Amino acid sequence: MTIPYPVRLLCLSLACFYLVHLAVGLAVALAAPRAMRWAERSIARVAARRLAALRLLPAALALFVVGGFCVPSYLWLEPRATVEEVSLPCLAAAVLGLAIWAIPLARAVRGAARSLRHVRECQRLGSLTRLAGESWPAWVIEGAAPCLALAGFVRPRLVISRGVLRALSTEQLQAALRHERAHWTSRDNLKRLLILAAPDVFPFCRAFAGLERGWARVTEWAADDRAVAGDSRRSISLAAALVRVARLGGAWQPPPVTATLLGSAGDLAARVERLLRAAPADEPPGRGMPVLAAGAVMALAAAAMLPATLYSVHGLLERLVH
Ligand SMILES: [Zn+2]
């Protein structure tokens with residue numbers, strides 16, 4: 001099929017994105033079970049950051065290769081006036097590249113819209129209240145469903161139902177609010193949205209579903225650790241708060257971009273047990289990984305500047321396109 005210069009660039013970019021994402025994505029999917037076993041033995045806050053980074057790594061690396069190598073080499077070395085043929089495998093890879101972007105992006109837009117609707121509804125039906133001993137205002141809503149959550153991702157709001165307020169003692173409520181504040185400090189809702197928008201390896205296959213569940217689990221542990229900060233009284237209060245809110249029952253389905261107190265129902269027993277075993281300490285993560293990642297990005301960026309690299313990449317693109 002013959003197509004003009006800009007469409008060919010788009011086609012090549014999508015195809016390159018798909019191929020790099022496929023290679024890195026399969027490696028990540030294979031490494032995920034081991035990474036999750038490591039995460040369960042590690043400091044929760046560090047583990048949560050690294051699992052999120054691992055989930056976003058295929059898309060980040062593929063975008064970097066396309067933006068840093070493919071597009072510059074094409075713009076620099078490909079003659080502009082030509083209308084050239086594009087091979088069927090290249091076209092197929094471009095269509096798959098488009099599909100693995102389009103599906104999660106649509107999911108993320110739907111999730112963000114549901115989350116914003118939920119925030120607006122809470123603001124319309126609830127009353128803004130400053131809870132005793134708290135500097136953070138909360139939207140208190142009526143209704144049977146037990147809700148204690150951080151809603152929204154740009155400026156998250158604390159939402160709490162009247163039933164939960166009644167069910168918790170002052171200490172339990174404070175521990176639960178500290179848990180939600182920990183989600184806010186870690187920007188967990190924004191990370192949730194990014195993960196929702198991140199492509200998967202194949203269009204209709206959730207190869208990263210286990211990794212995403214693992215990230216969600218250690219994110220709850222990290223928020224628990226921050227809330228408790230090594231204090232055994234707070235640890236017991238938070239465990240009691242979790243049990244009391246879970247016992248309230250009800251069928252509240254939080255929007256996808258919402259950090260709740262309970263998290264996934266299947267992980268609740270393990271969280272309570274973890275809190276009762278010993279008050280988990282909240283150790284600050286080291287700076288090793290960001291420095292390493294920044295170093296790697298700078299080295300790759302320097303390599304992209306070399307004309308020899310761009311010539312090699314252009315050679316590979318020519319093979320892919322014909
Ligand atoms: Zn939570």
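Here are the numbers for this structure:
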item: Burial ordering of Ser13, Ser127, fewest other beta-carbon atoms within 10 Å first; result: Ser127, Ser13
item: Estimated D of segment 50-150 in µm² per second, where Rh is the Kirkwood radius over Cα pairs and Stokes-Einstein applies at 25 °C, 0.890 mPa s; result: 130
item: Rounded to 10°, Cα long-axis angle of helix 88-125 versus longest principal axis of the chain; result: 30
item: Crossing angle, helix 188-197 versus the chain [Cα axis fit, 0-90 degrees, rounded to tens]; result: 40
item: Leu88 versus Arg162: modelled label distance in nm, points set 7 Å from Cα along the beta carbon direction; result: 6.7
item: Average projected area [Cα convex hull, the chain], square nanometres; result: 18.4
item: Degrees between helix 5-41 axis and first principal axis of the chain (Cα, 0 to 90, nearest 10); result: 40
item: Overall dimensions of segment 36-96 by Cα: Rg and Dmax, Å; result: 19.0, 58
item: Kirkwood estimate for segment 1-55, i.e. one over the average of 1/r between Cα atoms, Å; result: 13.6
item: Among Ala48, Ala145, Val65 - extreme Cα towards positive end, dipole of segment 2-321, charges at beta-carbon; result: Ala145
item: Ranking of Val159, Val243 by count of other Cβ atoms within 10 Å, fewest first; result: Val243, Val159
item: Cβ charges +1 (Lys, Arg) and -1 (Asp, Glu), total dipole of the chain, debye; result: 940
item: Neighbour-count order for Asp267, Asp224, Asp200, fewest beta carbons within 10 angstrom listed first; result: Asp267, Asp200, Asp224
item: Segment Glu318-Arg80, length gained on full extension (0.36 nm per residue, minus Cα span); result: 84.2 nm
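A short reminder: the numbers here are calculations on the coordinates, not readings from a lab. Because the structure is a prediction, the values reported are computed rather than measured. Please note: Cβ atoms are built from the backbone with ideal geometry, for glycine as well, and neighbour counts cover all protein chains shown.
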